[in-house]
Structure formats: C-alpha cells, structure tokens
Amino acid sequence: MLTESHFYFNKAADVLGLSKKIREILLTPLRSIKAELTIESETGELLHYIGYRVQHNNARGPMKGGLRFHPSVDEDHATALANLMTWKTAVVDVPFGGAKGGINCDPNSMSEKDLYMLTRRFVEQMKDVIGPTTDIPAPDVNTNARIMGWIMDEYSKYEGFSPAIVTGKPIHLFGSEGREEATGRGVMYVLAEALKEKSWRFPDMLVAVQGFGNVGSNAARLIAEQGAKIVAVADHTGGISNSNGLDIPALIQWVKEHGGVKGFPEGEAFNGLDIITWDVDVLIPAALEDAINQENVDGIKAKIIVEGANGPTSPEANEILTEKGVLIIPDILANAGGVTVSYFEWAQNIQQFRWDLDRVNKELSKVMHKAYKAVRQVASDKNIDMRTAAFVLAIQRVGAAALARVSIKSEIPF
Ligand code: GLU
C-alpha cells in the first residue's frame, strides 16, 4: 500500500520535475505515533491492541483524517492513507493537512462495551498529539458518529469542552447536518461532472457499486435519485443484482436489519467478487484497497470508475485502464466530500454556529464542482490523466504553502 501511494505521487512529481530530495521531504510524515492499548474485557480477559496515528503534513493547516478500526491497520497502512489525506485536502482546497490512524481491531467481533473502552484508551494515549488546531480525527472504515462522540467526550475530560477535536460527530453532539452522506454525495457530484463532459445522462447509466457501507450506500442512493439504474451491489456478504435497477432505499433497510446485502429478496444473488467486471457504464469501488487489480482488470467493462474508497485501484491496473481510455475519477478527488463537510463541521464548532442542510449541500456542491474543474484543467493543460493531474495540483498547492512559510529559494516551479 505504501509503495502504491508513492507510485502515483512519483508520476506527478515526474511531471513537475521534482528532485529526489524534495520528493523525500514531501513524502516523509511529520510524526508517527504508535500506542499500546490494553483493556480488560467484559469477560475479564486482557485484550491487547495497537493504535496508530500518522501525521503526514501540516503546511496547509491542521492535519486531518479518519480513524480506521480494522485488523489490517499498521504503520505502513496508516502512513499511505495519511499521505493521501494531504493530497486530498489540497485538491478540494480545504485548509487542512493530512493524517490517518486507527486500531488493529475487528469491531464486528467485539462487544460494544469493549469497543467503548478501547476508543477511550486510544484517546488517552493520543491526547497530547491531537487537538482542534493540530490534528482532527474523523470516521473511516468501521468507525462512525457514535465512536466520534466518545472521542470528543474523552478528549474534553482532559482539555475542557472541545467539539472541534473530532468531526463526523452525532448531530446532537455538535456534528454537522449532511456529514454522514457527504462522501457519497461528493461521489454523485463528480460523476455528474464527468457525465456532462461526455454528454451522457444519469437516466441512461447502468451502475455497479462495490461496498455498501456509508460511502457505497449513500452514493448508490443519491445516484439512483438522479435516475441512474444501480444494477449490482456487492459487500462482504455477497452480491445482489437486478437488471431493472435495485430498490436502493429498500436495500439500505435490508442491510440495516440483516448486516449485509445477502438474501435481499428483490434481486438475484451472485459471487460478490464479480462486481468489478459487471457489464455497466459506471463502476464505483467503495470498499477497501486494491479491489481493481491485475487479476480482474482485463474484464472491466465500465467506461467511468469513481473511486469511493481510498486506493481501490492497484498501480498496474491503473496503467492498463488509463491506456484503454477508461475515465478514472481518483480517490483524492472523488471521495473528498467527506473531509469537505468535516471542514464545515469544524468551522461550525469553532464559531459555535450551525448551518442548515441546504447550506451544507450547496457549499459541498460548489467545492466538488470547482475541484473537478481544476483537476480537469490541469489534465488537459498537461495532457495527463485525472489522477496524475489531481496529484500535480495537490503537490503544487502543498509545495507553495510550505515554501511561503520559510525563507528559502526553491528550485521547484510551484
Ligand atoms: N476518512 C475520510 C477520508 O478518507 C474522512 C476524513 C475526514 O473527514 O477527516 O477522507
């Protein structure tokens, strides 16, 4: 994962002609924290986990990024994802740097009480290095508003009332309207831009969605509301398809009750792995890394791929798809709606002033459309693909901010 995130960075760094030294400076995280987290389980057993927070870059503002609770979390993983956050916040031009972290636990196999204790222990260990003006966590894979609420409460025990320490909080605890669906809504907005470019229309589109968590389910719902047909959805329990278009609100309800798409009565079951090569116009990978890889890339039929997840396309697959002319809207643009509304939430917390949903959605729409157009502009100016263009734009913005802070002359054309 680490080498992969560097691969895309280096492609853009080649376009900008950056030296080895500058690349190293821009890639190296500012700080990496690893904490032992031991709790006494409800059963009396001692449970031991490791918590990570990697703070990558703060040239453009306090560092920002999610917390992932997943067995695959380790320092390399968090470093790669923290890197992506630096470029993501720069692409949408919100005043933050990048960070990421998490705990190597599987929350699905833990009791609520143990998860609660573990989250508090994590904050206890990290409280000196995070803060509303230094590093602001948020939800990511397997974390949600409820967990963010616990984080705010634990942090406030030490530092006093601090809603701006974390975003993605429950609405009743200083969260923002529209934050929960923001990543999915951003996916819909960038897809709308891509369709406009091609003179295609939502009602003519067949769409497949991999992953039906927060990002996948909201993206599917909002894209279906625009008139497109979501003909296949897959998650960790399996796949479900319907050539007339799945009833997404009903599927969301089913998943709430049954924990996954498997068994949904209004569709046909299929092996979830086949979702990537489904015969559709638009594919939305919104699960984990490397979903699109050397094994399945040749079977891909979609003409547009919108990366709801972080890092869902392996570099090898990316090169093949780009060569074939598939339009990939890269993660650091496509899924940046979440961190954008996190910025709105943080701003509301600092000002102690609430926005209504209409304002949040309008501002989000402005940010996403502007970012898409900025990336498209770089792509056509330099004759490069959208991912490389997004990295070029981000590196330029981060580089310019870093240089403006110091008194050195640069060899770099920022
Ligand atoms: N975890 C989300 C992401 O990868 C959101 C981060 C945030 O809101 O800070 O973009």
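The values are calculated or read from the model by the stated rules, or taken from the named source; none is laboratory data. From a predicted model like this one, the values you see are computed outputs, not experimental measurements. Please note: Cβ atoms are built from the backbone with ideal geometry, for glycine as well, and neighbour counts cover all protein chains shown. Side chains are part of the model used for accessible areas, which takes the heavy atoms of the whole protein and leaves out ligands, DNA and RNA. Shrake-Rupley method; radii C 1.70, N 1.55, O 1.52, S 1.80 Å.
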request  = Can you find, among Val92, Ser111, His48, the residue farthest towards the positive end of the dipole of the chain? Put +1 on the C-beta of Lys and Arg, -1 on that of Asp and Glu.
outcome  = Val92
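Report the relative contact order of the range 1-125, percent, no decimals, based on alpha-carbon pairs under 8 angstrom and at least 6 residues apart. Mind showing how you got there, number by number?
On the way: 223 pairs, mean separation 33.9, N = 125.
This gives 27 percent for the range 1-125.
Relative to the Cα centre, what is the charge dipole magnitude of the chain, using +1 at the beta carbon of each Lys and Arg, -1 at the beta carbon of each Asp and Glu, and rounding to the nearest 20 debye? If you can, show how the numbers build up before the last one.
Working: 43 positive and 52 negative charges, 349 e Å.
The calculated dipole for the chain is roughly 1680 debye.
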message = Within the chain, what whole-number % of the accessible surface is contributed by carbon and sulfur, with the 1.4 Å probe and all protein chains included in the calculation?
response = 50
query = For the range 66-198, what number of Lys pairs, 8 or more residues apart or on separate chains, have alpha-carbon atoms under 22 Å from each other?
reply = 10
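Assuming 0.36 nm per residue, please report the length gained on full extension of the stretch Glu197 to Asn293 beyond their Cα-Cα distance. Before the final figure, lay out each step's value.
Numbers: separation 96, 0.36 × 96 = 34.56 nm, distance 2.69 nm.
Length difference between fully extended and current span is 31.9 nm.
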remark   = Once the in-chain neighbours fewer than 8 apart are removed, the aspartates and glutamates whose Cα is under 14 Å from Lys382 read Asp14
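Expressed as a rounded percentage, what relative contact order does the chain have, with Cα pairs under 8 Å and six or more residues apart? Could the numbers behind the result be given before it?
Values: 858 pairs, mean separation 67.6, N = 414.
Worked out over the chain, it gives 16 percent.
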message = Taking 41 Å as R0, compute the FRET efficiency from the Cβ-Cβ separation of Ser243 and Lys370 and round it to 0.05.
response = 0.65
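Determine the order of Glu345, Glu323, Glu45 by accessible area, beginning with the largest, at a probe radius of 1.4 Å. It would help to have the intermediate numbers written out before the result.
Values: Glu345 0, Glu323 160, Glu45 105 Å².
Ranked list, largest accessible area first: Glu323, Glu45, Glu345.
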Solvent exposure of the range 296-372 as accessible area per residue, Å², 1.4 Å probe = 37
task = Roll a 1.4 Å probe over the protein chains and send me the accessible area per residue for the range 124-235 in Å².
result = 37
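Ignoring ligands, DNA and RNA, what accessible area per residue does the range 21-118 give at 1.4 Å, in Å²? Walk me through the intermediate numbers first.
Numbers: 3690 Å² over 98 residues.
With all protein chains present, the range 21-118 gives 38 Å² per residue.
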key: With all protein chains modelled, accessible area of Glu159 [1.4 Å, Å²]   = 100
remark   = In terms of the charge dipole of the chain, which places +1 on Lys and Arg and -1 on Asp and Glu at the beta carbon, the residue among Ala404, Val326, Val367 farthest towards the positive end is Ala404
key: Separation in nanometres of the label points that stand 7 Å from Cα toward Cβ, at Val406 and Glu159   = 2.6
request  = Might you work out the accessible area of Lys301 for me, using a 1.4 Å probe with all protein chains in place, and round it to the nearest 10 Å²?
outcome  = 90
